[in-house]
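Student: Take this structure, written in structure tokens, and hold onto it; I'll ask about it next.
Here, each number is a calculation from the coordinates, and none is a lab measurement. All values reported here derive from a predicted model rather than from experimental measurement. Please note: Cβ atoms are built from the backbone with ideal geometry, for glycine as well, and neighbour counts cover all protein chains shown.
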Amino acid sequence: MKFTTSIFYTTVVTLKLSFIALLLSSSTSVQNLKPSPKIAPIEQKVDSVLSLMRLNEKIGQLVQYSGSWDATGPTSSQGDQHKLEKLKRGEVGSMLNVTSVASIRETQKIIMEHSRLKIPLIFAYDVIHGYKTIFPIPLGESASWDLDLMQKSAEIAARESAASGLQWTFAPMIDVSRDARWGRVMEGAGEDPFLNSKIGVARIKGFQGDDLSSKFTIAACAKHFAGYGFGEAGRDYNTVNIGIHELHNTILPPFKAAAEAGVATFMNAFNDIDGIPATGHKALQRDLLKGEWQWEGLMVSDWGSIGEMIAHGYAKDKRHAAEIALNAGSDMDMESYAYEAHLGALLEEQKITMNQLDDAVRRVLRLKFELGLFDDPYKYCDEEREKNEVYTPINLAFAREVAKKSIVLLKNDKKMLPLSKDLKSLAVIGPLANDKDSPLGNWRGKGTYNSAVSLLEGIKGMVGKNTKIYYEKGVALTVPSVELGTNQFLHPLKFNTTDASGIPAAVAAAKKAEVVVLAIGENAYQTGEGRSQVDIGFAGLQNELLEAVYKVNKNIVIVLMNGRPMDLSRVSQIAPSILECWHLGSESGNAIADVVFGDYNPSGKLPVSFPHHVGQEPLYYNQKNTGRPNSLNHVTFSGYRDAPKSALYPFGFGLSYTTFEYGEITLNKNVMTLNGEIIASVEVKNTGDVAGEEVVQLYVRDMVGSLVRPVKELKGFEKIHLKAGASTTVNFIISADLLQFYTANNKWEVEPGTFNVWIGGDSTTEPMKSFSVVE
Ligand code: BGC
């Protein structure tokens, strides 16, 4: 969504007068006015509405309340009463967490029936990996490396949300995240800026389509601007200390891509960067995003993040916080109550300007026009659609498709997988084996508690009649009261560390079965916001269960369900097969069964590195080399004395039931000019005996730079499908813009010199070619 304001400025004076005249002659409501978009472009309408607004109404547009209250019922608390009064006066611009057509209609009605200008509210919700049909967590879905698939899942999430009255999601999260301890690693696309950019754009296109005013699309939100994924020590909300070049080269590229793709909104972040809270960061928001990048969308604060600048020690009180935030370019105040209380006085004191205020209000109004809310404030309120277009069999079928493509096969010794559907006996064991809730993941929107297909259900639906299934939970992962969970934010999980009474039965089941499928990992609420952990191993008594089962049956298929990279060091030593199944959403069990029994040949690749030990975190493939990268039989090199420095399972890694062989890389030339391009090609052959998909990955290294460059950087990928024995040539165009970086000159430039190129099935691929870039 890029807006050119020039047409508007040349014509506004005359048009605005007639527009206002028309507006005032019918009533003071802007609802009665429906000028054709062709005659009156959005900018003119925005400005005309703005010219009618009083100060309190302008400030009101910048206020966003959470409405986790029943707008249809009697208000129950002082807070609700306050919100209701503000709504009636038209002093609220947006609500979040009001869900369902009935509630949204009722809330919108308050504005329409009571407020002077009747400027519709925009309703927002965290639709992160599905609205009611739940898709894999974003990190899991990213393992598909399938952009069309992810675009489509966002599109379905948008359709379900829009059918339920919503118009805005706070997604995608495009924070590059490299620390497995951080709970929100589950919510993004992992450790690489290039992959985050591509996936972010695919999701934005899915949510927004190419027409925001369609009843089937909603506004997306690129978050969290910026640096939130780099909190020190993996602790949520923690301070971020990175240099300007790391900021530009690693953190900002997905946001730039999102802005260019026309994302309607951005959200800022809780963290400070080098001492400046992101919410009050003028250089980032006003100067870079809105200035240099010329992005004209709406910047919403994170929840309470304006007020939190007081705790940061950056603002002395809420008034000061409001002043800093508005000056910095935060347009909408989510739940800090700072703008509504203080912007008026700040204006009077000339601490903020009317231009700044108007600019923020314009951004809100523009979005409302774009969404078509001025034409019909109830346009997304359609009970029929809500009933018929949400959680449909078609959507669930697609969720299964996405889920199976998100699974990563990490290990498969002696081709243990796929299992035959005619096994005589199979033990399905583990705390997550029959869990119908954890697969829904942390940000499960309106997903119904306990509604996922469990692994056990998926397996039962897949095997033949003659296969005997022995199910045993073995150990509970969490203490039961928590599983029945009330408010997951108020009740952190408690793990079961004492009750091992189910282990003997699990051992007995394992003993009598040909194969054991062992489902272990994390509860849905072990990852997500506020869920940082110092330990990324298996909580509770899961290790004890694993060892006990392993003693009696070595034919173990580990099914991992988790939201972060885990420490798999022991598991990978003893289990012949490991499937990384994340939290896969509504169709989890069916999708896993598809892979376990070979109906689908796994094709996922890790979007994050899995370490040998938590002490390696943050661990990522695109690190810098250091001056002492290798051992040379000496201790003084950059590694650990007690663990490898490499990943146990690297970025880009994932096996298949078939094998792929890569030929030699060829380059169509060895030298390119600064505005030229080189084509790198490789032949890939399916050398196994079944068809399969492979994600062919292109990596580049800029050998010498004005700044130290990463050892490898992903610069392209393509997912191909090959029948057994078939081969194909994959070509990548390496153009100069792919080789640019934010150099020591503080500019995006390509620096002449030598570049190495790798093409392979993961980030550790070795054969390489070189070319040079010349001026
Ligand atoms: C999160 C955001 C989210 C917002 C609204 C915050 O705590 O950081 O990502 O969109 O809440 O729910």
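Student: Mind ranking 651-659, 750-758, 444-452 by how tightly packed they are, going by the mean number of other C-beta atoms within 10 angstrom, highest first?
Tutor: 651-659, 444-452, 750-758
Student: To continue, here is another question. So what's the gap between the Cα centers of segment 619-692 and segment 397-456, to the nearest angstrom?
Tutor: Value for the Cα centre distance between the two parts: 30 Å.
Student: Taking H placed 1.01 Å from N in the peptide plane, check which residues at least 5 places from PHE653 or on another chain put their amide H under 5 Å from its amide H.
Tutor: Placed amide hydrogens put LEU606, SER763 under 5 Å from PHE653.
Student: I've got another one for you. May I ask you to order 165-178, 147-160 by the average number of other C-beta atoms within 10 Å around their residues, highest value first?
Tutor: The most tightly packed comes first, giving 165-178, 147-160.
Student: Something else about it: How big, on average over all directions, is the shadow cast by the Cα convex hull of segment 660-774, in nm²?
Tutor: Taking a quarter of the hull surface, the average projection is 6.7 nm².
Student: Percent relative contact order of segment 282-414, based on C-alpha pairs within less than 8 angstrom and at least six residues apart?
Tutor: 20 percent.
Student: Taking θ = phi - 60°, what integer Hz values does the Karplus form 6.51 cos²θ - 1.76 cosθ + 1.60 yield along segment 606-621, in sequence order, with x for Gly and Pro?
Tutor: Running phi through 6.51 cos²θ - 1.76 cosθ + 1.60 with θ = phi - 60° gives 5, x, 9, 7, 9, x, 7, 7, 4, x, 7, 6, x, 10, 8, 6 Hz.
Student: Sorted by mean Cβ packing within 10 Å, highest first, what order do the peptides 515-524, 613-622 take?
Tutor: With the highest mean Cβ count within 10 Å placed first, the list reads 515-524, 613-622.
Student: Report ³J(HN,Hα) in whole Hz for each residue of segment 91-98, in order, from the Karplus equation J = 6.51 cos²θ - 1.76 cosθ + 1.60 where θ = phi - 60°; Gly and Pro get x.
Tutor: 10, 9, x, 7, 10, 10, 6, 8
Student: Given a Förster distance of 35 Å, report the FRET efficiency between ALA283 and ARG235 from their Cβ-Cβ distance, rounded to the nearest 0.05.
Tutor: Rounded to the nearest 0.05, the efficiency is 0.90.
Student: Also, I was wondering about something else. Fully extended, how many nm does the chain gain between LYS511 and THR497 (0.36 nm per residue separation, minus their Cα-Cα distance)?
Tutor: 2.6 nm
Student: Would you please give the FRET efficiency between ASP274 and ALA341, computed as 1/(1 + (r/R0)^6) with r the Cβ-Cβ distance and R0 = 35 Å, to the nearest 0.05?
Tutor: 0.75
Student: Pull up all non-local amide H partners of GLN623: gap of 5 or more, or a different chain, and H-to-H distance under 5 Å with H placed in the peptide plane.
Tutor: Under 5 Å from the amide H of GLN623: VAL711, LYS712.
Student: What residue among ASN450, VAL552, TRP303 has its Cα farthest toward the positive end of the dipole of the chain, where the charges are +1 on Lys, Arg and -1 on Asp, Glu, each on the Cβ?
Tutor: VAL552
Student: On to the next question. Starting from the Cα of ALA724, step 7 Å along the direction of its Cβ; do the same at GLU683; then give the gap between the two resulting points in nm.
Tutor: 2.1 nm
Student: Hey, any idea what Rg/Rh is for segment 521-621, computing Rh the Kirkwood way over Cα pairs?
Tutor: 0.95
Student: Taking the Cα centre of each part, how many Å lie between segment 265-330 and segment 528-547?
Tutor: First find each Cα centre; the distance between them is then 35 Å.
Student: Using Cα pairs closer than 8 Å and at least 6 residues apart in sequence, work out the relative contact order for segment 399-607, in percent.
Tutor: 38 percent
Student: Next question. Compute the length gained on full extension between SER772 and LYS460: take 0.36 nm times their separation in residues and subtract their Cα-Cα distance, giving the result in nm to one decimal.
Tutor: Full extension of this stretch gives 106.6 nm more.
Student: Right, next: Would you kindly state how much longer the chain becomes between MET703 and GLU384 on full extension, computed as 0.36 nm times their sequence separation minus their alpha carbon distance, in nm to one decimal?
Tutor: Contour length minus Cα-Cα distance gives 108.9 nm.
Student: Hey, another quick one. Let me check I've understood the local charge: for ASP175, count other residues with C-beta under 13 angstrom from its C-beta, Lys and Arg +1, Asp and Glu -1. What total comes out?
Tutor: Net charge around ASP175: -4.
Student: At 10 °C and 1.306 mPa s, what whole-number value in µm²/s does Stokes-Einstein give for the translational diffusion of the chain, with Rh from the Kirkwood sum over Cα pairs?
Tutor: 58 µm²/s
Student: Enumerate the amide H contacts of LEU96 below 5 Å, restricted to partners 5 or more residues apart or on another chain; note that Pro and chain-start residues carry no placed amide H.
Tutor: TYR65, SER66, GLY67, ALA124
Student: Which whole-Hz ³J(HN,Hα) couplings does segment 692-697 yield from phi under the Karplus relation 6.51 cos²θ - 1.76 cosθ + 1.60, θ = phi - 60°, glycine and proline marked x?
Tutor: Rounded to whole hertz, the list is x, 10, 9, 9, 7, 10.
Student: With an 8 Å Cα cut-off and a minimum separation of 6 or more residues, compute the relative contact order for the chain in percent.
Tutor: The normalised contact order for the chain reaches 13 percent.
Student: Only residues of segment 656-698 count here: report those whose backbone N is under 20 Å from the spot 7 Å along Cα→Cβ of THR764, or say none.
Tutor: 656-663, 694-698
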